[in-house]
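This report refers to the structure that appears directly beneath it.
Please treat every number below as a calculation from the coordinates, not as lab data. All values reported here derive from a predicted model rather than from experimental measurement. Ideal geometry is used to build each Cβ from the backbone, glycine not excepted, and the neighbour counts take in all protein chains shown.
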Amino acid sequence: MKARIGFTLIELLVVIAIIAILAAILFPVFAKVREKARQTSCASNLKQIGLAFMQYEQDNDEQMIYPDDAWGQGWAGKIYSYVKSTGVYGCPDDPTAPTVAGLYKVSYGMNGNVWPSNSTFYGGTTASSLASQGSPANTVLLFELQGQTSTGNGWVGVDVTNAHEDASSSGTGAIGGGCDGPMPTGNYCHAKYATGNIAGYPLTNWNGSALGVHTDGSNYLALDGHVKWLRPTAVSGGLSAANSNAVEIHNGSGKNNGYAAGTDNMTLQSGAKVTMTFSPV
């Protein structure tokens, strides 16, 4: 009896079906692994930037960075001499591409509420020294942004090598305040939030990801230098709280309306607890 050579059509179809099923199972896994690697790389960048902030503060009697421009803009250039790498400022998931030579991608914004207390822009109960912060481990220092542009001219990117640059952005995590309006806005924000809708409230100016750029969340650098991935519902945004025991208040969608939860309370207006807050008190 002659031995059969090759496969029948049915057998080939079964093999193809099995391969297709395995691909459908594995491809999403590979995508998640790739995204996890990008998230980790982003967190590593933030950690290095956090160390640069701490070194700057140690060299300046524990005084925090005083940016050159309004609303906390211009922080990135102040720490470049400690970072010494333009690549550290960019997150792998940020598609922003600088349009002019000498400008670099900056994927992070500074919490404007931690700007020194003599500022009249975010002002109020903010403090200028690290020691005077209410809860450094629970207070946002940097958060994720995308599409950072330079002041006024619409160029994409920031000259982080310039200690007096005034383009690296800031914000308060409020519904509209700090990073609201079309980009570029001209005098206080030049990017879009990549955090997802902080505290669950729709942000005026966001990158289209309601849940965050990294698998339904984003990375945050705290005042004490540690980095944490959080879902947007685990963060309280807004201006500085009236005191450390205050509950978050949202009073409209206008510019800078709303106040973040106090550091001793960490409670949203809805009653839910959060892990980090934009308020330094």
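What is the sum of charges, Lys and Arg at +1 and Asp and Glu at -1, for the other residues whose Cβ falls under 15 Å from the Cβ of residue 153? Write out the running numbers ahead of the final one.
Numbers: positive: none; negative: 69, 159, 165, 166.
Spelling it out: positives minus negatives among the neighbours equals -4.
Per-residue counts of other Cβ atoms within 10 Å, averaged by peptide: what ranking do you get for 157-166, 131-140, highest first?
Ranked from most to least packed, the peptides come out as 157-166, 131-140.
How long is the gain from residue 211 to residue 62 if the chain were fully straight, where each residue apart is worth 0.36 nm and the alpha carbon distance is subtracted? Intermediate values should be presented prior to the final figure.
Details: separation 149, 0.36 × 149 = 53.64 nm, distance 3.48 nm.
So the chain would gain 50.2 nm between residue 211 and residue 62.
Show me 239-246, 53-60 ranked by packing, highest mean number of other Cβ atoms within 10 Å first.
239-246, 53-60
Provide the net charge surrounding residue 85, with neighbours chosen by a C-beta distance below 14 Å and charges set as Lys +1, Arg +1, Asp -1, Glu -1.
My count for the surroundings of residue 85 gives +3.
How would you order 199-210, 268-279 from highest to lowest mean count of nearby Cβ atoms within 10 Å?
268-279, 199-210
Give the aspartates and glutamates whose C-alpha is closer than 20 Å to that of residue 36, dropping any in the same chain fewer than 8 places away, or say none.
93, 94, 144, 216
Please find the FRET efficiency linking residue 275 to residue 21, where r is the Cβ-Cβ separation and R0 is fixed at 41 Å, and quote it to the nearest 0.05.
Working from the Cβ atoms, E equals 0.60.
Express in nm, to one decimal, how much length is gained between residue 12 and residue 243 on full extension, taking 0.36 nm for each residue of separation and deducting their alpha carbon distance.
Details: separation 231, 0.36 × 231 = 83.16 nm, distance 7.01 nm.
The residue 12-residue 243 span can extend by a further 76.2 nm.
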